[in-house]
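The values are calculated or read from the model by the stated rules, or taken from the named source; none is laboratory data. All figures in this text were calculated on a predicted structure; none of them were measured in a lab. Virtual Cβ from ideal backbone geometry, glycine too; neighbours counted across all protein chains shown.
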Amino acid sequence: MESVRSDETMTPSNRDVIGDVNQRTQGTEFYGTSSNYVLLNQLFSHARLHSHTRHGSTSAPSAAVASTSDQNQNAPNNRISLVNLLANEDDLLPPSREKSPSINVPPTAWPSISNALSVVADTSPAVQQQVAESHLEKALVRSFMHNLHYLHPMIDSNIFYARYNELVTGSSNPPERSPHLRHFFALYNIVVAVGALVASVDLSEEYAREIAVVLQSKKDPQELAKAPLQRLSRLYFRKSRSLLGDVFEACSLESAQALLLMSLYCQNSLKPHACYMYCGMAVRTALAIGLPSESMSGTVEGCKAARRTWWCIYSHEIDMCCSAGRFDSLGKPRKYPIPLPRIKTLDADSNSDTAELEESSVSMITVMVDYAVVLRRISKEIYHSSKDTTISQKSSIALTIDNLLDEWKLKLPSWHNFDVVNFREAEWAAKQKLVLHLRYLNARVILHRPFLSDPVAFTLPERQKHVGLCLSAARKTIQVIYDSYANRHYFRTWWYNSTYTLYAGMIVLYVIMLGNSTIPNDVLLEDVKKSRDILRSMEEASVARRSADLLSEVLDVATAYTQQKHNNASGVPAVRHAEDASENSVYQPISSSTVDFAQPDFIQDPEAFMASLIDPNILQEFTTDSNDWAGLDFSSFPVYDAGHGSHDVGDNFVPRAGI
């Protein structure tokens, strides 16, 4: 299967998109102009194309690629693209057959869990798993409700808890496979899965015994020793998928909610393609049951749930489409008759039925819908604008949208004002405020980024303003995330922050290479180092680790560039030897003695020049945790049984009597 675009056919116009076959899934993935993948791809694609010219020689891996690329465009190893480089290699769904048990068990990195295994060894396995699941699931549901639920508050936690307890307490035969209840239990299990994904290390230590019992049923000690909470989250994700059954046939409010949470799970697992696909299915499911018209809601609580669910899906769909550079399938908010949630403290109508009003924490939904409107305009008017739109017109549009973004910020409820420090604010308000701040900054980076890289924009009188706004937002993004990682422990497991971090770091590096910032380069380089350190701290996330290595490589380029500029100004010849390279770099160091940073190519095409400084074999040296993809069993969809729901091979969940 051929990729969407080969390197050999790249032109300045189609360099603004990236598409390729994911070698792990063998599926085609496309990322458009507003995606952060595109900025990275613009740098490395030119390096691959001009490696012979710029570097004078080609290493063995690169030569092998060059010699075979014309003969076999379909070979999976003819090059490693960013689609594969930044792909999470973990399977969300199980393989078609169980793996053989590992004979050699490596030393565990989780001694508390290993000790817990011996403690429970004398108890009946069925009883162990029943009790362990009960205690553990309660903790993981709380983990979800106190983290990502605040950002997407579509579920009424009180109703959710009450319904679950009503269905399972005292029942010797849990009804999770009942046709009319499967979707609720699918929702329950994806809540548990997301809770496990973002759970803190403290939780893994406190519930080490329970985690050990549940994971022991998989009989995979190697996986137990490696990120047990992530392993656990995948088990519950698979169970949720199994319980959903055939989503193309049966739809409900709970299935729409479950699909949205699956999208959030993929987003925080750094799987942007899967995130996009699950969100799209949530949109289709919501439309299929008439959610935007509230036609299925016969009660006050039903209407409130429909409003929360639809508008959470709406804003997430716009956000994810813009992040991936893909077109969304939705209209403007006013196209849909369903009203936004009505908030107690914000509703001005004194005659309102108080039963219809929501708590202040639900206002996050309305705020995010307003944000989605701005983001949608950025996508359509800046990145997907008419070909007849001039760069000057686009600049004017961008500045207008920037004002709209500031208006959105000014209209935020007082508890969401991220410019104000409040030592008495509620937990939900603090977490929502932090995320809104990051999204505000990210929107500004996306809005002004095109004016950094487009050579046509260099003649714009307003270009320096665009550069300044973009750089300021990128630097602030790094600072906010860095401070949050240092002081807010819960924030360290919100893996999606790696996307913001990498994007912001690359923007700062880009501006350094442009050389037209009034901020000293040494100060900007320190910002990039913070960004790199944040990514390195995400040891459990392989994509974040590879992003840190990528950032380090470009950081070396920028450091060499800055040093040579300083030496040229001082009249000192610049020579950078291999032994001067960072000890932490996994790449061949860049020798500034072979690079002329003053050549005019940079002014004419900064993307191409910057890319030419980077080792063209960088993508070949980027390896995932498992190089032998050809020998892996790819995940299969759950098998649907009309009589008993659907099931996955290797579910291995023992029904429990209750909690």
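Every test in (1) under 28 Å from the mean Cα position of the chain (by Cα); (2) surrounded by fewer than 19 Cβ atoms within 10 Å (Cβ to Cβ) is passed by T389 save one, and that test is (1). Cβ-Cβ under 6 Å, sequence separation 6+ or interchain: first residue in region 209-229 and farther than 19 Å from E539 by Cβ and at pLDDT 65 or above, partner surrounded by fewer than 18 Cβ atoms within 10 Å (Cβ to Cβ) and not hydrophobic (A, V, I, L, M, F, W, C). Which pairs? From region 209-229, the pairs are E210/H135; S217/N652. S329 meets the conditions (1) under 28 Å from the mean Cα position of the chain (by Cα); (2) surrounded by 18 or more Cβ atoms within 10 Å (Cβ to Cβ) in every case but one. The failed one is (2). For region 332-364, the set of residues classified as part of a helix (DSSP H, G or I) and either under 24 Å from A430 (Cα atoms) or touching a residue at least 12 places away in the same chain (Cβ under 8 Å) (or both) consists of P333, A355, E356, S360, S361, V362, S363, M364, listed by residue number.
Taking region 286-305 as the range and being buried (at least 24 other Cβ atoms within 10 Å of the Cβ) and either over 26 Å from the mean Cα position of the chain (by Cα) or of a type in the set (S, T, Y) (or both) as the test, only L291 passes. For the condition within 28 Å of the chain's Cα centre (by Cα) and modelled with pLDDT of 70 or more, V131 does not qualify.
Only a single criterion out of (1) assigned to a helix (DSSP H, G or I); (2) under 24 Å from the mean Cα position of the chain (by Cα); (3) modelled with pLDDT of 95 or more is not satisfied by E407, namely (2). Could you say whether any residue in region 109-122 is surrounded by 15 or more Cβ atoms within 10 Å (Cβ to Cβ), polar (S, T, N, Q), modelled with pLDDT under 60 and outside any loop (DSSP other than H, G, I, E, B)? The answer is yes, given that some residue of region 109-122 is surrounded by 15 or more Cβ atoms within 10 Å (Cβ to Cβ), polar (S, T, N, Q), modelled with pLDDT under 60 and outside any loop (DSSP other than H, G, I, E, B).
Among the residues of region 495-546, what is the count of those that are among the hydroxyl-bearing types (S, T, Y) and over 21 Å from the mean Cα position of the chain (by Cα)? The total comes to 3. Within region 271-283, the residues that satisfy the criterion of being touching a residue at least 60 places away in the same chain (Cβ under 8 Å) and surrounded by fewer than 23 Cβ atoms within 10 Å (Cβ to Cβ) are K271, H273, A274.
Here S329, S385 are screened, and the one residue that is in a loop (DSSP other than H, G, I, E, B) and not assigned by TED's automatic domain parsing to the domain that holds P153 is S385.
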